[in-house]
Structures are given as structure tokens and as C-alpha cells.
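The values are calculated or read from the model by the stated rules, or taken from the named source; none is laboratory data. Quantities reported herein were computed from a predicted structural model and do not represent experimental measurements. Glycine also receives a Cβ, built like all others from the backbone with ideal geometry; neighbour counts cover every protein chain displayed. Just the protein is used for accessible areas: all its heavy atoms, side chains included, with ligands, DNA and RNA removed. Shrake-Rupley method; radii C 1.70, N 1.55, O 1.52, S 1.80 Å.
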Amino acid sequence: MPRSTYASYRQRKLTVDVERTRLRARVASVHRMSRGSAGACTICGVLNQLGESIGLFKVRRLMSE
């Protein structure tokens, strides 16, 4: 692997995606409110009702993080 590629990879990992962190916190709070019983489908529905435009597959990925 070239040094420049590795260096740019290392710099990219240091940045924090604020929007993703906010979404992860929303997903976690809905999961906690359901006492751990809500799955990705239910969480997706609840977030969409609350005005958050998010898809099922993104909720799944956020839950696995």
C-alpha cells in the first residue's frame, strides 16, 4: 500500500460524522424506550413518525455499531 494512501486513510478516520452520531443516539433512545424489544423495523417506523427521514437498512447498520 502506498504511503500517501495510508496517510489519507488515517486522516479520514479521525473525523467524526456528527449526523451519524446524532442518528445513532436517536436509534439507541428509541430502543431503550421500548425496553430493548424494538427491532429495526419498529425503530424505523417510530423515527419516521417523529419526523426523522431514515430507512430500514440505515437503522440496521446503526444498531449494529
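Some values worked out for this structure:
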quantity: Tally, over segment 35-49, of residues that are part of a helix (DSSP H, G or I) and surrounded by 11 or more Cβ atoms within 10 Å (Cβ to Cβ); calculated: 9
quantity: Within segment 55-65, considering residues that are in a helix (DSSP H, G or I) and open to solvent by 30 Å² or more (accessible area, probe 1.4 Å), the one nearest to Arg24 (Cα to Cα); calculated: Met63
quantity: Single unsatisfied condition, Glu52 versus (1) in a helix (DSSP H, G or I); (2) touching a Lys or Arg at 6+ places or on another chain (Cβ under 9 Å); calculated: (1)
quantity: Considering residues of segment 4-34 that are under 15 Å from the mean Cα position of the chain (by Cα) and hydroxyl-bearing (Ser, Thr, Tyr) only, the residue most open to solvent (accessible area, probe 1.4 Å); calculated: Thr21
quantity: Some residue of segment 25-33 being modelled with pLDDT under 95 and either among the aromatic types (Phe, Trp, Tyr) or not in a helix (DSSP H, G or I) (or both); calculated: no
quantity: Test: Glu52 is open to solvent by 60 Å² or more (accessible area, probe 1.4 Å) and among the acidic types (Asp, Glu); calculated: no
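Matching residues to (1) in contact with a Cys (Cβ under 7 Å, 6 or more places away or on another chain); (2) of a type in the set (A, V, I, L, M, F, W, C):
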position: Ser8; (1), (2): no, no
position: Gln11; (1), (2): no, no
position: Glu19; (1), (2): no, no
position: Gly36; (1), (2): no, no
position: Ala40; (1), (2): no, yes
position: Asn48; (1), (2): no, no
position: Val59; (1), (2): yes, yes
position: Ser64; (1), (2): no, no
